[in-house]
Amino acid sequence: MAVAAAGAGSGPWATQEKQFPPALLSFFIYNPRFGPREGEEENKILFYHPNEVEKNEKIRNVGLCEAIVQFTRTFSPSKPAKSLHTQKNRQFFNEPEEHFWMVMVVRNPIIEKQSKDGKPVIEYQEEELLDKVYSSVLQQCYSMYKLFNGTFLKAMEDGGIELLKERLEKFFHRYLQTLHLQSCDLLDIFGGISFFPLDKMTYLKIQSFVNRVEESLNIVKYTAFLYNDQLIWSGLEQDDMRILYKYLTTSLFPRHMEPESCLFLLLRFLTGPLNLNDPDAKCRFPKIFVNTDDAYEELHLIVYKAMSAAVCFMIDASIQPTLDFCRRLDSVVGPQLTVLASDICEQFNINKRMSGFVLGFLFTFILLPPMNLAGKSTILGDIVLPVDRGEVYVILIKNVKKLCATQFNNIFFLD
């Protein structure tokens with residue numbers, strides 16, 4: 001648990017403060033239809049973290065959430081409760097699939113002070129957590145699960161409740177350890193993608209490269225091209241690419257970070273065989289699920305990197321990539337990708353010098369207190385929005401256009 005200490009005043013009687021950030025207390029998934037009768041309540045629980053909690057407490061907590069959801073349906077049948085505020089914590093509810101409920105309980109931030117008699121006084125910061133931010137985090141938990149496992153219903157169809165429980169345990173046991181609730185902010189609401197700005201000619205080179213590779217390796221179904229953890233090209237639908245991008249930039253790429261001195265020597269698979277010269281090398285690639293609302297495609301994810309450029313190749317999961325295929329991909333992609341990465345780096349440095357980049361100008365914020373919607377912004381100055389929150393977006397659109405015109409003149413848009 002992260003703790004920040006601050007002292008006020010000086011001397012032996014100075015007041016000491018300790019600040020504790022928000023923390024995950026529990027996370028569980030249940031389906032009320034799996035245990036409708038008395039004595040069967042445990043059957044509703046599909047996953048519960050932390051697992052060390054005794055059975056009766058799990059049943060009690062799930063039952064309380066179920067009662068809250070049912071009670072709020074009385075007033076709004078189509079929009080049940082999304083969150084519950086208490087002094088010590090906040091609970092967030094999400095129904096990603098019919099009758100499947102995900103619940104995340106987050107402890108409110110704490111400030112611990114010393115009273116005059118030396119006893120600790122705890123203050124819970126009840127208004128520090130934004131519902132929209134943490135509701136989005138809960139939704140992302142489901143989206144990330146669905147990317148690698150498909151829907152809950154798909155697991156039920158494949159192997160029933162036991163298979164679903166097994167997949168939930170395997171995925172969330174590791175995934176919940178990567179949640180950094182103390183650093184969640186407004187950007188988590190949008191789940192945006194950072195795009196790498198390029199001039200037209202370099203962009204066309206990349207598009208040509210993607211077309212040639214997909215023609216040479218005809219089993220490749222979709223391709224995504226990134227540089228410096230920023231997206232340049234993607235053949236996936238936007239919603240699928242958004243969650244794949246989050247996985248790449250927050251999980252896969254950080255696990256394979258290399259010292260800058262090694263970047264120019266780097267040419268390898270981030271997923272798949274570690275050594276192409278080893279005849280016993282394992283060609284195991286993670287599977288992902290895309291277009292789950294429509295075609296429901298299951299794909300192998302192959303990620304190949306050269307210098308600061310990374311390319312994701314997605315092929316149908318019914319085709320098992322062999323070591324020969326990986327060697328062929330390496331011979332086709334490696335030389336071209338190395339040249340492209342050098343071109344992109346050179347072009348970026350030229351643009352950086354010509355445009356006179358001001359780094360601080362690239363980062364913007366809008367701070368709106370929840371009561372009166374008055375605040376400050378690095379691009380808007382003082383702002384007061386007493387009528388409608390939608391006005392924020394109108395002002396933003398105008399300023400983003402101005403920002404693009406002055407700083408990002410190399411960006412162009414495709415219809």
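The values are calculated or read from the model by the stated rules, or taken from the named source; none is laboratory data. On a predicted model such as this, the values are computed, not experimentally measured, just so you know. Note that each Cβ is placed from the backbone with ideal geometry, even for glycine, and that neighbours are counted across all protein chains shown. Each accessible area value is taken on the protein alone, full model and side chains, heavy atoms only, with ligands, DNA and RNA left out. Shrake-Rupley method; radii C 1.70, N 1.55, O 1.52, S 1.80 Å.
Taking a point 7 Å out from the Cα of Glu98 in the direction of its Cβ, the residues of segment 32-50 whose backbone N falls within less than 14 Å of it are 33.
Can you give the local net charge around Lys146? Use residues other than it whose beta-carbon is closer than 13 angstrom to its beta-carbon, Lys and Arg +1, Asp and Glu -1. Result for the neighbourhood of Lys146: -1. The slack between Glu162 and Gln16, meaning 0.36 nm per residue of separation minus the straight C-alpha distance, is 47.5 nm.
Taking Cα centre as origin and charging only the Cβ of basic (Lys, Arg, +1) and acidic (Asp, Glu, -1) residues, the dipole magnitude of segment 202-313 rounds to 320 debye.
The Phe195 and Ile219 beta-carbon pair, evaluated with R₀ = 35 Å, returns a calculated FRET efficiency of approximately 0.80.
Ligands, DNA and RNA left out, the 1.4 Å accessible surface of segment 27-126 is 48% carbon and sulfur atoms. Using alpha carbon centroids, what distance separates segment 212-235 and segment 298-355, in Å? Each part reduced to its Cα centre gives a spacing of 7 Å. Across the cross-link table entries Lys55/Lys79; Lys200/Lys282; Lys18/Lys58; Lys58/Lys88; Lys55/Lys119; Lys44/Lys82, which are compared at the Cα atoms, the separations over 28 Å belong to Lys55/Lys79; Lys200/Lys282; Lys18/Lys58; Lys55/Lys119. Accessible surface comparison of Asp240, Asp158, probe 1.4 Å, protein chains only, largest first: the order is Asp158, Asp240. FRET efficiency for the pair Asp117 and Asp229, taken as 1/(1 + (r/R0)^6) with r the Cβ-Cβ distance and R0 = 35 Å, rounds to 0.10. Using a probe of 1.4 Å, the accessible surface attributed to Arg174 totals some 150 Å² when neighbouring protein chains are kept in position.
In this label model, Asn349 and Thr72 are separated by 5.4 nm, measuring between points 7 Å along each Cα→Cβ vector.
What the Cβ-Cβ distance of Glu42 and Ser342 gives, at R0 = 45 Å and to the nearest 0.05, is a FRET efficiency of 0.15.
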